[in-house]
1. Give the range 88-100 a look and list any residue that's within 12 Å of the ligand (Cβ to nearest atom) and surrounded by 15 or more Cβ atoms within 10 Å (Cβ to Cβ), or say none.
2. Please work out which residue is nearest to the chain's Cα centre (by Cα), limiting yourself to the range 120-157 and to residues that are within 16 Å of the ligand (Cβ to nearest atom) and surrounded by fewer than 13 Cβ atoms within 10 Å (Cβ to Cβ).
3. For residues that are in contact with a strand residue (DSSP E or B) (Cβ under 9 Å, 6 or more places away or on another chain) and part of a loop (DSSP other than H, G, I, E, B), scanning just the range 160-174, find the one that is surrounded by the most Cβ atoms within 10 Å (Cβ to Cβ).
4. Mind listing just one residue for me: the one in the range 175-190 that is at pLDDT below 95 and outside any loop (DSSP other than H, G, I, E, B) and, of those, farthest from the ligand (Cβ to nearest atom)?
5. So for the range 101-117 (the condition being surrounded by fewer than 17 Cβ atoms within 10 Å (Cβ to Cβ) and either more than 14 Å from the ligand (Cβ to nearest atom) or free of Cβ contacts under 8 Å to residues at least 12 places away in the same chain (or both)), does at least one residue qualify?
6. From the residues in the range 39-67 that are surrounded by 13 or more Cβ atoms within 10 Å (Cβ to Cβ) and more than 11 Å from the ligand (Cβ to nearest atom), which one is farthest from residue 91 (Cα to Cα)?
7. If we scan the range 2-17, do we find a residue that is away from the ligand (no atom under 12 Å from the Cβ) and crowded, with 18+ Cβ neighbours inside 10 Å?
8. I need every pair where a residue in the range 25-37 that is surrounded by 20 or more Cβ atoms within 10 Å (Cβ to Cβ) has its Cβ under 8 Å from the Cβ of a residue that is in a helix (DSSP H, G or I), sequence separation at least 6 or different chains.
Ligand SMILES: C[S@@+](CC[C@H](N)C(=O)[O-])C[C@H]1O[C@@H](n2cnc3c(N)ncnc32)[C@H](O)[C@@H]1O
């Protein structure tokens, strides 16, 4: 891992992902979290304050150990017990059918092998488990989509592999994940290239 990814990127991501405009969107999705919960791509833990009051414990995974200091700040102000594991979502260190809920917020854009990550998510979900997601991706506006495709290389370089142009619902469908309670919208407060958002709850078919 580069020095940039380890020491600088976590601060940049923490700042951009702590945007107050995202709080209610996070809370709205996390209201569906229940049972044994896994959050992938935990980052600096900005979802923690948005979990339902009933949440006592979660498991969290992130591949970047550089978030340690920032996470400790979040832990100090939260009553939720977090079992934090530095691991890759392409290779989750949990047995099959462990979790009732798996959560990904603004994470599937960055994972290197999104297909392997989705197979892992399915593997660790219980048969009736739910995959809750909020992701940014390819805009429906053709000009914006063109710009996203043209500048994708720079986003990946600057933001830890973040792709601007993934079509997350199509990727979920090709992994036999059925999507319910789906909404697709633009977050006006976000930059043009990252504002197009997919939110939903997916189940294994
Ligand atoms: C844009 S941040 C989102 C952080 C957080 N989920 C949020 O909602 O603010 C993307 C996160 O995914 C993590 N990530 C990227 N690739 C990963 C992988 N293969 N396995 C686990 N985490 C990964 C990054 O380290 C980063 O913390």
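1. Answer for the range 88-100, where residues must be within 12 Å of the ligand (Cβ to nearest atom) and surrounded by 15 or more Cβ atoms within 10 Å (Cβ to Cβ): 88, 89, 90, 92.
2. In this case the residue turns out to be 157.
3. Among residues in the range 160-174 that are in contact with a strand residue (DSSP E or B) (Cβ under 9 Å, 6 or more places away or on another chain) and part of a loop (DSSP other than H, G, I, E, B), the one surrounded by the most Cβ atoms within 10 Å (Cβ to Cβ) is 164.
4. For the range 175-190, the residue satisfying everything is 180.
5. No, that holds for no residue.
6. Of everything passing the filter in the range 39-67, 49 is farthest from residue 91 (Cα to Cα).
7. For the range 2-17, residues away from the ligand (no atom under 12 Å from the Cβ) and crowded, with 18+ Cβ neighbours inside 10 Å: absent.
8. These pairs meet every condition: 26/50; 30/50.
The values are calculated or read from the model by the stated rules, or taken from the named source; none is laboratory data. Being a predicted model, the structure only gives us computed values, none of them experimental. Cβ atoms come from the backbone with ideal geometry, glycine included; neighbour counts cover every protein chain shown.
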